[in-house]
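Report on the following structure.
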Amino acid sequence: MTAAIVLAALAVSSPAAAQKREGKPADLGTTQRDLRETQKRLGEERAKAADARKREAGLLTELEAIDRRLTTKRRLVANLDDRIRKAQADVTNLQAEIARLQDQRLGQEEALARRLRALYMFQAQGGILPVLFSSNDPVAQASQLRHLSMLATVDAHVIREYRVMSEGLAERKASLVGRQKELAALRTQADAERAEADRDAAKRLGLLARVKDERAYHDRMVGELSEAARRLESFVAELQERQRKAAAAARAAARPKPGAPVEPPTGTGFAALRGRLHWPAEGKVVGEYGAQIHPRFGTKTFRNGIDIDVTEGTSIVAVYAGRVLYTGWFRGYGNLIIVDHGGEYYTLYAHAAEIKVKEGDEVKQGQVIGTVGETGSLQGPRLYFEVRHEGKSQDPAQWLLPRG
């Protein structure tokens, strides 16, 4: 529709159209030039419309890009902070060692000064010649010469130690200068990365504020989140189907020979723990399972799990033993962990800051599998938790231990 209006407007305003209205024949070259110009402007309008549609449909995409950058920046800043702490510790150790070496060298300098004064007095009294000619006793002369030789050896040793000490001190001072420069560079880099992370965090808050306060943004986000929930449901169903095929293949491979005793199947125990599972994180439930109506806009949605308000960095634990089926980023949920507990029971943990397990890992009940964050979250740090059986969501409140 927009393209047609633009085309019509361009046709009416073209010189060729004006010539026709005046009864003059249109020049072929002019007509072709006008047509090319019209097609160019029409292409530009179409590109603008496509960009607008892309922007309108990409709130979760934009949020995901910001979250990924924030995660990367925060990890980089944490790494830089570790390096800064190590460099600062090295600087402190080098400064202490330099102070110790300087004290030792000062003692050496005082000892050398005493020896130089003694040598000066010795030379002033004639040096070694008086010793050689002061006595006719060869034994006494030999003893005195041995004593002087030992003193000379000690003096040479002290001088060598002083030189080694001075070289070591110079080396440590150079190391100190190098580490101080490195420390300053690390601090500059960390400040720059923090500033970028702060800008991304501010951009994220601005986007979430628009989703919260503006109806158009809210409705678009609700639509995208609903689509994300459908994609997650399809993804879990796909994982479940893979598990079924893998289990069928395993059963076929382990099928007993004819006549062999058949052992009864053993359950995983998950189904028997309804209402007795430990919580994945300690916190207050701020988003219940089931149908939701937005208090301001009246938007109706359905939540397949619960939101638990938890301090960022709090440990996420597996509610029951199982095998990690999936770890990674899932649009609308941020960092996601899915654990298979057998019997087609699954638990899902979303918005994690850090994932501490990998796909295929066997986990125990209560084992830490991640930490709470705000990746993909619209409400700040929290844990999103689901229980699914045969692909369908269950009310987690019916599975978790009741709160007192």
> Which one of these does S393 not meet: (1) surrounded by 22 or more Cβ atoms within 10 Å (Cβ to Cβ); (2) in contact (Cβ under 8 Å) with a residue 40 or more places away in the chain; (3) farther than 27 Å from A202 by Cα?
Replying inline: (1)
> Can we say D82 is farther than 30 Å from G223 by Cβ, in a helix (DSSP H, G or I) and modelled with pLDDT of 95 or more?
Replying inline: yes
> Considering only the stretch 317-334, how many residues are in contact (Cβ under 8 Å) with a residue 60 or more places away in the chain and of a type outside the set (V, I, T)?
Replying inline: 8
> Can we say G342 is touching a Gly at 6+ places or on another chain (Cβ under 8 Å) and small (G, A, S)?
Replying inline: yes
> What are the residues in the stretch 274-310 that are among the hydrophobic types (A, V, I, L, M, F, W, C), assigned to a loop (DSSP other than H, G, I, E, B) and in contact with a Ser or Thr (Cβ under 8 Å, 6 or more places away or on another chain), if any?
Replying inline: A281
> Any idea which residue in the stretch 85-119 is modelled with the lowest pLDDT, counting only those that are farther than 18 Å from G178 by Cβ and of a type in the set (D, E)?
Replying inline: E109
> Within the stretch 354-390, how many residues turn out to be aliphatic (A, V, I, L, M), touching a Ser or Thr at 6+ places or on another chain (Cβ under 8 Å) and without any contact (Cβ under 8 Å) to a residue 60 or more places away in the chain?
Replying inline: 3
>> Consider the stretch 56-79. How many of its residues are free of Cβ contacts under 8 Å to residues at least 12 places away in the same chain and in a helix (DSSP H, G or I)?
In response: 5
> For the stretch 298-322, which residues satisfy the criterion of being more than 21 Å from T61 (Cα to Cα), buried (at least 16 other Cβ atoms within 10 Å of the Cβ) and charged (D, E, K, R)?
Replying inline: D307, D309
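The values are calculated or read from the model by the stated rules, or taken from the named source; none is laboratory data. Quantities reported herein were computed from a predicted structural model and do not represent experimental measurements. Ideal geometry is used to build each Cβ from the backbone, glycine not excepted, and the neighbour counts take in all protein chains shown.
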